[in-house]
Amino acid sequence: MSSIDKVLARIETNFDSSLDRLFDLLKIKSISTDPEYAAPCREAAEWLARELTSIGIDASVRDTEGHPMVVGHRKSGKAGPHVLFYGHYDVQPVDPLELWDQDPFEPAIKTRADGSKIIVARGSSDDKGQLMTFVEAARAYIEETGDLPIDVTILFEGEEESGSPSLDPFLEAHKDELSCDLALVCDTGMWNPETPAIGVMLRGMVGDEIIVKAASRDLHSGLYGGSAQNPNHIVANIIAGLHDENGKITLPGFYDGVIELPDDVSKMWDGLGFSVEDFLGDVGLKFPRGENDREPLEHLWSRPTAEVNGMWGGYQGAGSKTVIPAEAHAKFTFRLVGDQDPDKIRDSFRAYVRSKIPADCSVEFISKDGSPALRLDLKMPALEKGEIALKDEWGKEAALVGMGGSIPIVGDFKRLLGMDTLLIGFGLEDDQIHSPNEKYNLTSFHKGIRSWARVLDQLSKS
């Protein structure tokens with residue numbers, strides 16, 4: 001029997017105990033955004049440090065200005081990449097509590113109508129269940145073989161759900177300790193319950209807010225209407241001009257750095273069976289928008305966007321008030337892909353806005369942080385090994401997917417530590433993360449542990 005087969009057998013032997021340990025972690029109320037839960041957040045960090053130490057990973061709790069980090073190492077100079085595994089132990093608040101079917105911090109296994117079993121608790125999917133798949137894979141490996149097949153560093157954060165204010169300073173201060181050959185991040189999902197996925201593209205983002213000002217005060221629309229500039233009209237004109245009739249974004253230079261999707265990836269996405277009708281139907285819509293000559297998954301994963309996230313001006317109360325407002329506001333975000341430069345996008349947007357402002361009006365801008373898009377080299381050996389490992393476990397080719405949102409830690413690893421990241425997780429769309437009755441499929445937990453063991457095994461091979 002090969003080493004990996006022995007490790008997989010150990011995972012089966014350990015599974016009930018693995019589930020007990022996950023339940024112990026899920027019971028800890030590690031809500032990072034609420035100061036009242038500072039003590040439980042530290043309790044969760046200390047619990048994880050003890051668990052890692054108990055299996056032979058040298059781990060400690062590291063204080064920050066906010067909630068602590070957990071850092072662990074298992075290094076013996078083995079061949080293969082030295083990997084950094086990242087997860088977060090903090091969770092979202094549980095409100096509204098009345099919509100939960102049970103105490104959010106009393107985990108339970110439930111059987112659904114189709115016979116599948118789920119773990120219900122806050123943090124079961126995001127991210128305690130996910131990070132424990134790696135811990136339990138490491139446990140089985142060390143117990144069965146005496147060591148891990150490659151050198152591993154672990155970083156568990158306690159502020160991901162509250163904006164990670166301590167993360168960048170921590171990474172900066174511990175660059176030498178945390179810089180590895182490759183990062184592994186589990187805070188992602190599968191394509192569907194039977195098909196694993198690896199994230200290979202993450203869209204970046206840049207945002208801006210505008211305040212358009214005209215008259216020195218709100219004006220009576222009967223006295224000034226038709227004569228005085230109306231900031232609401234100006235903002236509406238700005239928004240209307242952002243896209244042309246074919247759905248393309250009109251900002252000069254906006255598509256500089258946008259990279260066309262490789263043919264093999266395009267064919268893979270075509271074969272995923274994505275239904276835009278079902279996707280939009282879930283939120284009560286029917287008709288897709290975006291660039292007319294692009295496929296639906298391109299819109300979601302590999303094409304840039306310009307969106308208006310908020311707009312307001314003038315009277316907002318009940319009934320009517322016949323005024324021309326003195327100012328109007330709008331918030332914008334742009335999702336970026338390929339090599340688009342956030343600073344250039346912001347500059348282009350601001351130049352466009354200024355071109356729409358009448359001579360006797362003004363505009364102010366409120367910057368939002370920007371981050372570039374990220375993508376993996378599709379020929380990267382670690383990616384190919386991850387694909388092999390997941391196919392061996394799930395019996396299906398892993399989907400190489402893009403991600404419409406952003407995962408800031410991946411950008412931080414690249415920017416501050418110079419590392420690429422393999423995004424492998426086992427969450428599902430219906431896990432209800434951040435919502436009442438959050439769940440994690442029992443199969444996701446079980447096969448997630450087995451998957452990480454196979455990934456470690458594959459990464460150790462030359």
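The values are calculated or read from the model by the stated rules, or taken from the named source; none is laboratory data. Predicted, not measured: the structure shown is a model, and the values here were computed from it. Neighbour counts run over all protein chains shown; Cβ positions are idealised from the backbone, glycine included.
What the table shows:
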quantity: Helices (runs of 4 or more DSSP H) contained entirely in the stretch 167-268, each with at least 1 residues that are under 30 Å from residue 316 (Cβ atoms) and of a type in the set (Ser, Thr, Tyr); calculated: 221-224
quantity: Residue that is surrounded by the most Cβ atoms within 10 Å (Cβ to Cβ) [pool: residues in the stretch 103-126 that are part of a loop (DSSP other than H, G, I, E, B) and without any contact (Cβ under 8 Å) to a residue 24 or more places away in the chain]; calculated: 103
quantity: Residues of the stretch 133-151 that turn out to be touching a Lys or Arg at 6+ places or on another chain (Cβ under 7 Å) and hydrophobic (A, V, I, L, M, F, W, C), as a count; calculated: 3
quantity: Pairs with Cβ under 9 Å, 6+ apart, first in the stretch 153-173 and on the phi > 0 side of the Ramachandran plot, second crowded, with 20+ Cβ neighbours inside 10 Å and part of a strand (DSSP E or B); calculated: 164/88; 164/157
quantity: Any hit, the stretch 19-26, residues being more than 19 Å from residue 107 (Cβ to Cβ) and outside any strand (DSSP E or B); calculated: no
quantity: Selection from the stretch 146-166 of residues that are over 15 Å from the mean Cα position of the chain (by Cα) and assigned to a strand (DSSP E or B); calculated: 152, 153, 154, 155, 156
quantity: Sole residue being under 23 Å from residue 413 (Cβ atoms), part of a helix (DSSP H, G or I) and either in the same structural domain as residue 163 (by TED's automatic domain parsing) or modelled with pLDDT of 95 or more (or both), chosen from 59, 44; calculated: 44
